Amino acid sequence: MNGRSHTAVNAFSAVTINSVFHTVGTAYTWHQLTTLVMSPQLANALLSPLLLYKTTYYVLVVLCARLPDIDQYNRFGRLLGGHRGFTHSCLGILLMSLFFATIVASLPLLFVIGGIFLHPVLLAEVKVAFEAIVTGWILHIIADGLTKGGVPLFWPSPTRYGFPPKSIWRFKVGTIWEDLVLWSIIFLAGFGMGTGILGV
């Protein structure tokens, strides 16, 4: 997928993921949000840690929509096996997750050594950031798996996989079929939010 499509797919897929798995707490439907905006509880909601977590989650998932494509740049591309190489594989997800998990686990310890004790809200925020980065990365790979090129899930094996398994049923990047898939995802997520099935 192109960058614009990745950004939109990540944004609307993040809504679905939070609605199903409650990654950052309870998902609020469109009706609940509009009711909250008109209610006296709005001030409390704006000051709650949940708003911070949800903002961080959605912003990072969207920002990470293009992160695996760092392999498109010459310097990184050659190092990481070219475009849709290492960064689009299970090994890439695993090592990236370990890298960020190490940061998440060691950050509070480093502060404690320095005599700084982080508020529990900030500790939870670091965890949310980690989950958002991993989610954004995985969503990117899933989206690329919908294209004819597929993704090398088991890199360094060159075999590429996608959904549906037969590439003839997948779309070519930059065609009207990509736009059709993109708008279908946007429509389904919007319909889900409008009917109260999905929330943010």
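Could you say which residue among His6, His31 is buried (at least 19 other Cβ atoms within 10 Å of the Cβ) and in a helix (DSSP H, G or I)?
His6
Hey, among Ser13, Ser39, Ser89, which residue is surrounded by fewer than 13 Cβ atoms within 10 Å (Cβ to Cβ) and either more than 14 Å from Val134 (Cα to Cα) or under 16 Å from the mean Cα position of the chain (by Cα) (or both)? Residue meeting the stated conditions: Ser39. Restricted to the range 56-86, and to residues there that are at pLDDT 90 or above and among the β-branched types (Val, Ile, Thr), the residue that is farthest from Lys127 (Cα to Cα) is Val62. Considering Ile142, Ile168, the condition of being of a type in the set (A, V, I, L, M), part of a helix (DSSP H, G or I), out of contact with any Lys or Arg (no Cβ under 7 Å at 6 or more places or on another chain) and farther than 22 Å from Val59 by Cβ is satisfied by Ile168 alone. Of all residues in the range 80-102, those satisfying the criterion of being closer than 22 Å to Ile17 by Cβ and in contact (Cβ under 8 Å) with a residue 12 or more places away in the chain are Thr87, His88, Ser89, Cys90, Gly92, Ile93, Met96, Ser97, Phe100, Ala101.
Taking residues in the range 166-180 that are within 11 Å of Ser5 (Cβ to Cβ), and partners anywhere that are among the hydrophobic types (A, V, I, L, M, F, W, C) and exposed (fewer than 12 other Cβ atoms within 10 Å of the Cβ), the pairs with Cβ atoms closer than 8 Å and at least 6 places apart or on different chains are Phe171/Leu180.
Considered as a group, the residues in the range 92-104 that are surrounded by 14 or more Cβ atoms within 10 Å (Cβ to Cβ) and within 25 Å of Gly145 (Cα to Cα) include one that is modelled with the lowest pLDDT, and that residue is Phe100. Within the range 105-112, does at least one residue satisfy the condition of being surrounded by 12 or more Cβ atoms within 10 Å (Cβ to Cβ), part of a helix (DSSP H, G or I), free of Cβ contacts under 8 Å to residues at least 60 places away in the same chain and among the β-branched types (Val, Ile, Thr)? So far as the range 105-112 goes, no, none of its residues is surrounded by 12 or more Cβ atoms within 10 Å (Cβ to Cβ), part of a helix (DSSP H, G or I), free of Cβ contacts under 8 Å to residues at least 60 places away in the same chain and among the β-branched types (Val, Ile, Thr). One residue stands out among those in the range 113-126 that are assigned to a helix (DSSP H, G or I) and not aliphatic (A, V, I, L, M): the one that is farthest from Leu153 (Cα to Cα), which is Pro120. Scanning the range 61-84 for any residue that is exposed (fewer than 13 other Cβ atoms within 10 Å of the Cβ), hydroxyl-bearing (Ser, Thr, Tyr) and part of a loop (DSSP other than H, G, I, E, B) turns up at least one such residue.
The values are calculated or read from the model by the stated rules, or taken from the named source; none is laboratory data. Small disclaimer: the values here were computed from a predicted structure and weren't measured. Positions of Cβ are generated from backbone atoms using ideal geometry, with glycine treated the same way; all protein chains shown enter the neighbour counts.
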